[in-house]
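Read through the structure below, which is laid out as structure tokens, and then see the notes.
We did not get these values from a lab; they are worked out from the coordinates using the rules stated. In this text the structure is predicted, and so the values were computed from the model without any measurement. Heads up, the Cβs are rebuilt from the backbone with ideal geometry, glycines too, and the neighbour counts pull from every protein chain shown.
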Amino acid sequence: MPLVPCRARALPMALGVAALVFASACGDDTVSSASDSATGSTSAATDTETGTSTTTETGTATASGTDSAGACTPGMTQECTCESGMGTQECAADGSGWGACECVEAVCGDGVVAGAEECDDGASNADDAGCTSACKVAICGDGLVHAGVEVCDDGVNDGSYNGCVDGCGARGPFCGDGVTNGPEACDDGDDVQGNGCNIDCRESGSEVWTEKYTGRDAGDARAHGVAVDLDGNVIVVGEQFVVGEGANMWIAKFTADGELLWSQTVIGNGSFADVARGVAVDSDGNYVVVGEFAVEGEDGNFWVRKMDPGGEEIWTDIYNGPSNLGDSANAVAIDSYDDIWVVGEEYKLIGLKNIVVRKYGADGTLIWDDVYDHKAGNDRAHGVAVLSDDTAVVAGSVYEPIGLADLWVRRYTASGTAYWTKQWDNAAGNDIVRAVARDADDNVILVGEVYEPIGLANIWTRKLTDNGITTWTQVYDSAGSDNDIGRGAAVAPDGTIVIAGQEYTANDFAAAWVRKLEPAAGDAMWTHVHDGDGAGQDIARAVAIDPNDGYIYAAGQEYEAGQFATLWLRKLTP
């Protein structure tokens, strides 16, 4: 008799116990007893009324429920698991089973841990959190600092300088920990700039770099003006000696790292010196350079040139005073309209020199000019600063027959009218304001020298309100026995003041001198002195501050042994 495969199935109850015995025993070595009744339990390989079904399409799903007609109830849905996360599947319309798993790709940041994600805190995921933006659990050594979990993590964590210790629980030595270590020159542990030790652990007022220019031929080279442009580049103007030509204007542009970008000379056609004395930068990054320019038969002329950032001339104006003698533009400032204020002096045979103030439009058109003759003597303007309302403060000296030169400052309206004027006489000698600057509140800083019968000239600094009221005055007398002179002034973004000039040392030679003052009373914060190798006059003639980082540029001259004056530019820490 041929063998017939057994099929496990549920039989109708009408067949009775015998049928049940047959169904359970077919193909089975176990015989059920007659005591198994219709109310007993029956085990089947498939199709169980209250059993569990597992269906896998592109994922895995587990569903349970009672279904008298088929595997599931049409229209029902259930969750299913995919490799990339959770999905859903729907029961077939005929109830015969579950459809394919509709998988949704895992999304880091949805707050659901799925797929390869180790964690997911939703919007709280961050590279510095316990669950990163890649949904990975924070670990020490991944180079990420996780808030509330780690203090630091440099990826190495060996406790080196500016690094992190093993375990990510503490930093290694670093700038600001109050201990001088590693490459630090100092570390006072605070976040105050310019108080002796800066926030980068460099000493305040210390040298960053120095550039020197000896000129083309044997002779003096000097810087008279310096400015910082919109990109942090440094513009230096002055003079260099050329055999057969005398002094020529010298203009150069350096990067903030001291790299020379370009330089040029301007040569007049007269037999007198050509000297660039001041420079300013307008809102478009153009440069305005002023000075004195020799023209044959006219001596020095009042000279103004506007040039683009590459040094190309945009326009030039030359003013010759009434006597064809000794006219000079000494300083320049630019207002919010890019109008240009230039101050200096013109020569008159009767009365000697007078103060000249000229205001130009951005295109070089003269808007107005003013000539001030105080009394019979030399009157000169050495500095100018524009206030926030586009008025300007002009400073210099005026001659008094008794007492010689006096300190002099005048505020002009935008239309050229005198708003107020101040004049001071310190003693029987020449008292001169050589530079002027203003702060963010329109306070005015004046720098120069005052004459003392004992000790000769001393460096003089005065702070005024915008109405000309004195706030404070500082006078500095060096240990040397000759003139100490203030020549430059600038105000930093934090309101601190930097002045520059020269002091006489014990060996009776001038040393370049730069000092930073706190704004409230003018007290010294630090002083930088440069005394060159040669027996000569080292002078800081001008100073400028980068408004972006507060670094300081002092420009002037240095004497080296066996040489003439060398043009000198130094960058200092704030």
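Can you give the longest stretch of the chain with no exposed loop site, where a site means GluC sites (Glu not before Pro) in a DSSP loop (not H, G, I, E or B) with at most 12 other C-beta atoms within 10 Å? All intermediate terms of the calculation are to be shown ahead of the outcome.
Numbers: sites that count: 49, 105, 259, 296, 312.
Result, exposed sites excluded: 313-574.
Net charge near residue 560: determine it from the other residues with C-beta under 9 Å of the C-beta of residue 560, scoring Lys and Arg +1 and Asp and Glu -1. Don't skip to the end; give the middle numbers.
Numbers: positive: 212; negative: 533, 558.
Once all neighbours under 9 Å are counted, the net charge is -1.
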Seminar exercise, completed: Note, residue 111: beta-carbon cut-off 10 Å, +1 each Lys/Arg, -1 each Asp/Glu, net -3
For this session: Measure nothing fancy, just the Cα-based angle from helix 16-25's long axis to the longest principal axis of the chain, in degrees from 0 to 90, nearest 10.
Result: 60
Problem set entry | Cα pair distances of the chain binned at 10 Å [whole percent] | 3, 13, 19, 16, 8, 7, 6, 5, 5, 5, 4, 4, 3, 1, 0, 0
Exercise. Which net charge results for the neighbourhood of residue 454, defined as the other residues with beta-carbon distances under 14 angstrom from its beta-carbon, given Lys and Arg at +1 and Asp and Glu at -1?
Worked result: -4
Exercise. Not counting the cut sites, what is the longest span of the chain without trypsin sites (Lys or Arg not before Pro) that DSSP labels loop and that have at most 12 other Cβ atoms within 10 Å?
Worked result: 10-374
Problem set entry | Paramagnetic reach from residue 231 (point 7 Å along Cα→Cβ, amide N under 19 Å) across the stretch 553-570 | none
Exercise. In units of 2.2 N^0.38 Å, what is the alpha-carbon radius of gyration of the stretch 113-240?
Worked result: 1.73
Exercise. Between residue 79 and residue 371, what is the spin-label point distance in nm, taking each point 7 Å from the Cα along the Cα→C-beta axis?
Worked result: 9.5
Exercise. What's the center-to-center distance, using Cα atoms, between the stretch 455-476 and the stretch 98-113 in Å?
Worked result: 75
Problem set entry | Mean-position separation - Cα centroids, the stretch 319-338 and the stretch 231-304, in angstrom | 14
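Are there any chymotrypsin sites (Phe, Trp or Tyr not before Pro) in the stretch 328-391 that are in a DSSP loop and have at most 14 other Cβ atoms within 10 Å? List them by number. Working shown, then result.
Working: sites: 337, 341, 347, 360, 368, 372; in loops: 337.
Hits after loop and neighbour filter: 337.
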Problem set entry | Two-site label geometry, residue 113 and residue 209: point separation in nm, points 7 Å out along Cα→Cβ | 5.4
Exercise. At what distance in nm do the modelled label points of residue 465 and residue 94 sit from each other, each positioned 7 Å from its Cα along Cα→Cβ?
Worked result: 9.9
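Once every DSSP H run of n ≥ 4 in the chain is given -39500 (n - 2.57) and the sum is divided by its residues, what mean residue ellipticity at 222 nm do you get, rounded to the nearest 500 deg cm²/dmol? Intermediate results must be reported in sequence, preceding the final value.
On the way: 1 runs with 10 residues, N = 574.
-500 deg cm²/dmol, from helical runs alone.
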